[in-house]
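Below you'll find the structure, written out as structure tokens, and then a few comments.
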Amino acid sequence: MSSPEQWTRPEPGAGPAATAAEPTPEQVIAGLRATTEGGTELTQLLNPEGERLASPRFDPYVADIDAEALRGLYKDMVLVRRADRESNAMQRQGQLGIWVPLLGQEAAQIGSGRALQPQDMAFPSYREHGVAYARGVDFRELLGIFRCSDHGGWDFKRHGFHPYTIVIGNQVLNATGYAMGQKFEGKVGDDDGEATIVYFGDGATSQGDVHEGFVWAAVYDAPVVFFCQNNQWAISEPTERQSRLPLYQRARGYGFEGIRVDGNDVLGCLAVSRWALEECRRGNGPVLIEAFTYRMDAHTTTDDPTRYRLSDELEVWKHKDPIERVRAHLARTGGADQAFFDDVQAEADRFAAELRDFCFNMPDPPPERIFSEVYADPSPQLDAQREEYLSYLSGFAEAGGH
């Protein structure tokens, strides 16, 4: 089986290792196979055919997931995907300035999001719509960000879900600092302890902020789970052009454990995330999880993925769809019938219609909104700036009245 390591460090006789120069056809094929296969170290509990696989290490972490719970995970993924598709369409219709699709990454986000406890904190990048949903954030709250009328209005403390971060990798530093605070305040050490999880993509692993986060977390044993959604493409650059080794193996260099899980397997993501979060709550963190998944859509709605990736690669991953494998398992085991699937789809359509109605009728925020929630305590300087700005705006209204 080919792997990213073989792509840059090929077997004897396989040709020279790839460098920054143009790779050979053989190296491209090896890299493509590694992209679709995941390697022998891939943790998987539910395969693409919907078959349940035994895992002595991780089965205990999903022992409570019966047919009813699995139906709930299926419903979560269907609703999130439907909302994502509707938001993508609304951007094309001019209702949103931009949209960041999550198509294909539903299992990674719902599995890890549902693994979190109320006392935990999640730090997203800008694609974690599924994690937001799992943390109880109203999906409508996300639309204002991409309509460019809001920075995120949810109560991040109550939901345990921080505002979106646009700067690539910066949230890793924020999450590491937050987790260090949890450690310093004695909030780790038992099952009731706190943990932090931070989400980033494979492209972010090339950023210095991620490296610094790894260093500080390791030095201070911070209770943070680094959750890398390796969707194979850092915009237009494949993972194989960024790393000589599978990303989860980078944890070795920092002195903590790394693990690769099938990011299209919601059970696997749930189990591995529960294990990693438990490790952190008990003071055994940090942990790096590489969720091996695939971005089925564009990087954002400003991107054209047909310019840099093969359609054959996309077709391969369609057979590994995270939702279809759960549907196949439920149908095969009698965990759900057609009426259930129809009801979920109908609910998803209603959910999308509500989002559309909200977005099309979303009011513009008042100008003073920009000055709210800036500081925890009142600030005379900020109050003065607000009054000066509002007075400036009122001058335009008065001029228009004459």
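The values are calculated or read from the model by the stated rules, or taken from the named source; none is laboratory data. The shown structure was predicted, so the numbers you read here are calculated from the model rather than taken from an experiment. In this analysis, Cβ positions are derived from the backbone assuming ideal geometry, glycine residues included, and neighbour counts consider all displayed protein chains.
Could you list all residues from the stretch 127-139 that are touching a helix residue (DSSP H, G or I) at 6+ places or on another chain (Cβ under 8 Å) and surrounded by 16 or more Cβ atoms within 10 Å (Cβ to Cβ)?
GLU128, HIS129, GLY130, VAL131, ALA132, TYR133, ALA134, ARG135, VAL137, PHE139
Return the residue satisfying two criteria in turn: it lies in the stretch 216-246 and is over 19 Å from the mean Cα position of the chain (by Cα) and among the acidic types (Asp, Glu), and of such residues it is surrounded by the fewest Cβ atoms within 10 Å (Cβ to Cβ).
ASP221
Do the conditions hold for TRP275, that is, is it under 30 Å from GLU185 (Cβ atoms), assigned by TED's automatic domain parsing to the domain that holds TRP233 and part of a helix (DSSP H, G or I)?
Values: under 30 Å from GLU185 (Cβ atoms): yes; assigned by TED's automatic domain parsing to the domain that holds TRP233: yes; part of a helix (DSSP H, G or I): yes.
Here the answer is yes, as TRP275 does meet what is asked.
Please enumerate the residues belonging to the stretch 276-290 that are buried (at least 21 other Cβ atoms within 10 Å of the Cβ) and modelled with pLDDT of 95 or more.
Scanning the stretch 276-290 gives ALA276, LEU277, CYS280, ARG281, PRO286, VAL287, LEU288, ILE289, GLU290.
Tell me which helices (runs of 4 or more DSSP H) are completely within the stretch 83-201 and hold 2 or more residues being hydroxyl-bearing (Ser, Thr, Tyr), or say none if there are none.
170-184
Going through THR293, THR333, THR302, THR306 one at a time, which residue ends up being hydroxyl-bearing (Ser, Thr, Tyr), surrounded by fewer than 22 Cβ atoms within 10 Å (Cβ to Cβ) and within 27 Å of LEU70 (Cα to Cα)?
On inspection, the qualifying residue turns out to be THR333.
Residue-by-condition table, conditions (1) among the aliphatic types (A, V, I, L, M); (2) surrounded by 14 or more Cβ atoms within 10 Å (Cβ to Cβ):
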{"residue": "ASP337", "(1), (2)": "no, no"}
{"residue": "PHE340", "(1), (2)": "no, yes"}
{"residue": "ALA346", "(1), (2)": "yes, no"}
{"residue": "ALA353", "(1), (2)": "yes, no"}
{"residue": "CYS359", "(1), (2)": "no, yes"}
{"residue": "ASP364", "(1), (2)": "no, no"}
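Looking at the stretch 113-138 only, could you name the residues that are basic (Lys, Arg) and in contact (Cβ under 8 Å) with a residue 40 or more places away in the chain?
Within the stretch 113-138, ARG114, ARG127 meet the criteria.
Within the bounds of the stretch 287-310, is there any residue that is over 29 Å from ILE197 (Cα atoms), touching a helix residue (DSSP H, G or I) at 6+ places or on another chain (Cβ under 7 Å) and among the β-branched types (Val, Ile, Thr)?
No, the stretch 287-310 has no match at all.
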